[in-house]
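Trainee: Have a look at the structure that comes next, please.
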Amino acid sequence: VEGPIRIDTVGVHLEDIAANLAHSHFTANGVVDFKKGFDFEAGGRTSLIDIGELAEQPIRGEGEIWAHIHGPTNRLFIDFDADIKNTSYLKLNLGELTGQVIWDDDPNRLLFKNLVSKVGTSRMEVNGQIDVGRVEKIDLKVEAPKANTRDLTAAFDFLVKDISWFPRLLNGPVTASATIQGGLKTERLAVIAQIRGNGWEYLGETIKNI
């Protein structure tokens, strides 16, 4: 960690503080007020392998992340704005990820707001929350109004990789929505999906409507 830190009667002032991790570089500016709490911003080029886990789940990817840390010590919020590639979280392959994630320190939950995932030619939007307090649970909604079956198969690969008969070569446009609910562990997760498609191709055959 390098850079000037000024301490006065108001609090601790951060002025272009630089922090280097194994694969990431951050800068921070703002103040930790002795009475009001936190109000500073930090961010830069990031590899999520340095973070390791988010809400007790492995996370991977690399790109830009900026965070606004604010609030009193007993009610801290961290607003993350991300532009990440090769993203993996909750065992989902999320590709390019942009949007906002908010950490609410009390009651210990992550809020996902209009988070956009791009996998191949497909675009998915994620909203919802993950609670990591006393009762650990997930409640996420995924919408894919204009997607491709192969892209969705790649995104949800952890669900189908051990199913030998799953039609991985299926190809065509699809409109899909899914809810991801349950506990944080894989065996407690439930994914409920609805799909509509037409003109799918599979092993030389055409499926008109699903």
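Trainee: Which ones in the range 169-191 are open to solvent by 60 Å² or more (accessible area, probe 1.4 Å) and modelled with pLDDT under 90?
Mentor: Pass one, the range 169-191, residues open to solvent by 60 Å² or more (accessible area, probe 1.4 Å): 169, 173, 175, 181, 185, 187-188.
169, 185, 187, 188 - these are the residues of the range 169-191 that are open to solvent by 60 Å² or more (accessible area, probe 1.4 Å) and modelled with pLDDT under 90.
Trainee: Let me ask something else. Within the range 81-109, track down each residue that is assigned to a strand (DSSP E or B), open to solvent by less than 60 Å² (accessible area, probe 1.4 Å) and more than 23 Å from residue 14 (Cβ to Cβ). Give the derivation first.
Mentor: Looking only at the range 81-109, we keep the residues that are assigned to a strand (DSSP E or B), and these are 81-89, 92-104, 109.
So of that shortlist, the ones also open to solvent by less than 60 Å² (accessible area, probe 1.4 Å) come out as 82, 84, 87-89, 92, 94-95, 97-104.
Once the filter is applied, which keeps residues that are assigned to a strand (DSSP E or B), open to solvent by less than 60 Å² (accessible area, probe 1.4 Å) and more than 23 Å from residue 14 (Cβ to Cβ), the range 81-109 yields 84, 87, 88, 89, 92, 94, 95, 97, 98, 99.
Trainee: Confirm whether residue 77 is within 19 Å of the chain's Cα centre (by Cα) and closer than 24 Å to residue 7 by Cα. Walk me through it before giving the result.
Mentor: Numbers: within 19 Å of the chain's Cα centre (by Cα): yes; closer than 24 Å to residue 7 by Cα: yes.
Taking the combined requirement at face value, the residue satisfies it.
Trainee: Ok, one more. In the range 36-46, how many are over 20 Å from residue 104 (Cα atoms) and open to solvent by 60 Å² or more (accessible area, probe 1.4 Å)?
Mentor: Here is the first cut: in the range 36-46, the ones over 20 Å from residue 104 (Cα atoms) are 44-46.
Now restrict to residues that are open to solvent by 60 Å² or more (accessible area, probe 1.4 Å): 45.
Final tally of qualifying residues: 1.
Trainee: Considering 49, 59, which residue is surrounded by 15 or more Cβ atoms within 10 Å (Cβ to Cβ) and within 23 Å of residue 131 (Cβ to Cβ)?
Mentor: 59
Trainee: May I ask you to verify whether residue 134 is open to solvent by 70 Å² or more (accessible area, probe 1.4 Å), more than 22 Å from residue 79 (Cβ to Cβ) and touching a helix residue (DSSP H, G or I) at 6+ places or on another chain (Cβ under 8 Å)?
Mentor: Working: open to solvent by 70 Å² or more (accessible area, probe 1.4 Å): yes; more than 22 Å from residue 79 (Cβ to Cβ): yes; touching a helix residue (DSSP H, G or I) at 6+ places or on another chain (Cβ under 8 Å): no.
Taking the combined requirement at face value, the residue does not satisfy it.
The values are calculated or read from the model by the stated rules, or taken from the named source; none is laboratory data. Given the structure is predicted, the values throughout are model-derived calculations rather than measurements. Ideal geometry is used to build each Cβ from the backbone, glycine not excepted, and the neighbour counts take in all protein chains shown. Surface accessibility is based on the protein's heavy atoms, side chains included, excluding ligands, DNA and RNA. Shrake-Rupley method; radii C 1.70, N 1.55, O 1.52, S 1.80 Å.
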